[in-house]
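The structure appears below as structure tokens.
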Amino acid sequence: MLRIVFATARPQAMQAFTAALATNPEVDLKYVVSGAEALEAARTSAPHLMIIDSDLPDIAPLDLVLKLVKVNAMVNTAVVSPLSDEEFHEASEGLGVLGRLPVNPGESDAADLLGKLKVVLGVS
């Protein structure tokens, strides 16, 4: 079972993406609405992946990635970002982020992200 935590304050805008994740029988998806809750989830539930939305009320996404690394360096991260792939790569270099998602990710983005996560975890 892949434990995924999605930190977002706008679950309705993410419905197609989260539905694709939640309906996958291999995924246990949990939602949190703030960076503080995301950090607590990283401490207590040891997720395989933390997806961080670009619009959290209490912290910038890449700042949260930095804090997550200190709490649990084994948590993979993906970030929803309006930046281009190149700009995001520059901004997140050295943080070990698994990938960037568009501001309004869809079903194909969910499938791509799960594929990357499985490769990193070495599961089929």
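What follows draws every value from the coordinates through simple rules; no lab data is involved. Because the structure is predicted, anything quoted here is derived from the model rather than measured. Neighbour counts are summed over all protein chains in view; Cβ atoms, including those assigned to glycine, are modelled from backbone coordinates with ideal geometry.
Brief remarks on what is shown
- Charges were assigned to the Cβ only: +1 to each Lys and Arg, -1 to each Asp and Glu. The resulting dipole of the stretch 55-124 about its Cα centre is roughly 420 debye.
- Radius of gyration, Dmax [the stretch 80-124; alpha carbons; angstrom]: 11.4, 31
- Summary value for the chain: 27 percent relative contact order, contacts being C-alpha pairs under 8 angstrom separated by 6+ residues.
- Computed Kirkwood radius, in angstrom, where 1/r is averaged over Cα pairs of the stretch 1-50: 11.0
- Long-range HN-HN contacts of Asp28 with modeled amide H, under 5 Å: Leu2, Arg3, Ile4
- Put in order of Cβ neighbour count within 10 Å, fewest first, the listed residues Met50, Met14 become Met14, Met50.
- Rg in Å to one decimal, and Dmax rounded to a whole Å, for the stretch 22-81 via C-alpha atoms: 11.0, 32
- Shape analysis of the chain yields a ratio of the Cα radius of gyration to the Kirkwood radius, Rg/Rh, of 0.91.
- With neighbours defined as other Cβ atoms within 10 Å of a residue's Cβ, the residues Leu2, Leu39 order from fewest to most as Leu2, Leu39.
- Ordering Val119, Val80 by the number of other Cβ atoms within 10 Å of each residue's own Cβ, fewest first, gives Val119, Val80.
- Of all DSSP bridge pairs formed entirely within the chain, close to 0 percent run antiparallel.
- Computed about the Cα centre, the dipole magnitude for the chain is approximately 480 debye when only Lys and Arg (+1) and Asp and Glu (-1) carry charge, each at its Cβ.
- Rounded to the nearest whole Hz, the Karplus-based 3J(HN,Hα) values (6.51 cos²θ - 1.76 cosθ + 1.60, θ = phi - 60°) of the stretch 16-28 follow the sequence 5, 5, 5, 5, 5, 6, 5, 7, 6, x, 8, 10, 10, with x at glycine and proline.
- Dipole of the stretch 2-121 computed with +1 at Lys/Arg Cβ and -1 at Asp/Glu Cβ about the Cα centre; of Pro47, Leu113, Thr18, farthest Cα towards the positive end is Pro47.
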